[in-house]
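Here is the structure we will look at.
The values are calculated or read from the model by the stated rules, or taken from the named source; none is laboratory data. It should be emphasised that the depicted structure is a prediction, and the values quoted were computed from it without experimental measurement. Note that we place each Cβ from the backbone using ideal geometry, even for glycine, and neighbour counts take in every protein chain shown. Accessible surface is based on the protein model in full, side chains and every heavy atom, while ligands, DNA and RNA are left aside. Shrake-Rupley method; radii C 1.70, N 1.55, O 1.52, S 1.80 Å.
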Amino acid sequence: MTAGVEIPSNLSGWRFSVAPMMDWTDRHCRAFHRAMSRRARLYTEMVTTGAVLHGDRQRLLGFDAIEHPVAVQLGGSDPGDLARAARIAEAFGYAEINLNVGCPSDRVQEGRFGACLMREPALVGDCVAAMKAAVPVPVTVKCRLGVDEQDTEEALDAMAEAVVAAGVDGLIVHARKAWLKGLSPRENRDVPPLDYGRVARLKAARPELPIAINGGVATIEAAKERLGQVDGVMVGRAAYTEPAILLGVDPEIFGEPAPVADAFAAVEALAPTIHDAVASGTRLHAFTRHMLGLFNGRPGARAFRRHLATAGMAPDADLATLRAAVAKVSRERPPAREAA
């Protein structure tokens, strides 16, 4: 491992992962992403402890075995509730339980979880300890550098100290402060600036702690660069809006062949899953809404998106509809993009 720590075998896919993203990384998205990488670790959308304990668990937590390795992200701040939710999630077969200490939305602030927990590292430590006592799978935390006016050196160190003392298996750091006052979550995607150096300093100070970095990584080349400083890279929006980059994960990050040759083959690899889901009553759009960026840069990509936005929305749309959209895309390889 370039960063100098041996990643436990049960976190082997942690070297590259796709971030949990609300309204995006649902089970259909994860099945699609898995068609392009066997090794990338995939995450659910954040699920609150209240939803897990009192909601429709099959709808919230159910997933297909083809998605593995997949982790669940929980939102909450009560150690007892998190322990119970972790136990329920682990019984569904998740490979990892992750605690959200990074989301800046109004909803999580009202519920006293997400990024506002950066102000309460001792509580986060209690939450981690409770989950570690409840489940045998790895328990990890995804956090920020700090929030609002916090000093990022002090805030991140305090968080790391608390979770390490609690036995955390790994820390994923979004390399940007969360701004809970004065910025919307959308604005907070770009402001304040990313600080990869702060995460690298944490790794240097805690070489024994598996640390992954998140935020602003848009290409496999950029991911490989970050892996010179930390143990894992988590990619968010780029994996969603340019999903074909996932075809480079297995060969470039793990040194293994990609599961399929190209984006066209990825669609066909997912075809049986789509066929069965549509036959069971799932709308085609549940899958294709995650696929709109698959052919970006190829001639016909716009026609592909247009067909899915029209015919693909029909109640009777099926696998043939998707294949008709794919047929509009040129199979000639697009010219290589110049480096920015």
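How much FRET efficiency would the formula 1/(1 + (r/R0)^6) give for ARG87 and THR310, where r is the Cβ-Cβ distance and R0 is 56 Å, rounded to 0.05?
Step by step, r from the Cβ atoms, then E = 0.80.
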Which angle from 0 to 90°, rounded to the nearest 10, does the C-alpha axis of helix 121-134 make with the longest principal axis of the chain? 70 degrees
How big is the shadow of the Cα convex hull of the chain, averaged over all directions, in nm²? 16.7 nm²
Among ALA212, ALA51, ALA40, residue whose mean-square fluctuation peaks in a GNM of the chain (springs only between Cα atoms under 10 Å): ALA51
Report the FRET efficiency, 1/(1 + (r/R0)^6), for GLU252 and SER12, where r is their Cβ-Cβ distance and R0 is 25 Å, rounded to 0.05. 0.95
May I ask for the distance between the Cα centers of the range 168-182 and the range 300-335, given as a whole number of Å? 37 Å
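Quote the FRET efficiency, to the nearest 0.05, computed for ALA65 versus ALA218 with a Förster distance R0 of 25 Å and r equal to the Cβ-Cβ distance.
Once the sixth-power term is evaluated, E becomes 0.25.
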May I ask you to evaluate 6.51 cos²θ - 1.76 cosθ + 1.60, the Karplus curve with θ = phi - 60°, for each residue of the range 153-159 and list the ³J(HN,Hα) values in order in whole Hz, giving x for glycine and proline? 5, 5, 5, 6, 4, 5, 5
Which whole-number value in Å² is the accessible area per residue of the chain, probe 1.4 Å? 42 Å²
For the range 206-340, which whole percent of the accessible surface, found with a 1.4 angstrom probe, sits on carbon and sulfur atoms? 53 percent
Range in the chain, longest, excluding exposed trypsin sites (Lys or Arg not before Pro) [loop by DSSP; at most 15 other beta-carbon atoms within 10 Å]: 187-330
Lysine pairs in the chain with alpha-carbon atoms under 24 Å apart, 8 or more places apart or on different chains: how many are there? 9
Would you mind checking the range 46-63 for residues with the amide N under 19 Å from a putative spin-label position 7 Å along Cα→C-beta of SER280? 56-63
Between beta-carbons, use under 10 Å as the cut-off and find the net charge around GLY102, counting Lys and Arg +1, Asp and Glu -1. +3
So, in nm, how far is label ALA327 from label ALA261 when the simple model puts each one 7 Å beyond its Cα toward the Cβ? 2.0 nm
Which residue, VAL147, VAL101, VAL278, tops the fluctuation ranking in a GNM of the chain built on C-alpha contacts under 10 Å? VAL278
Compute the distance from the alpha-carbon center of the range 1-80 to that of the range 273-289, in whole Å. 21 Å
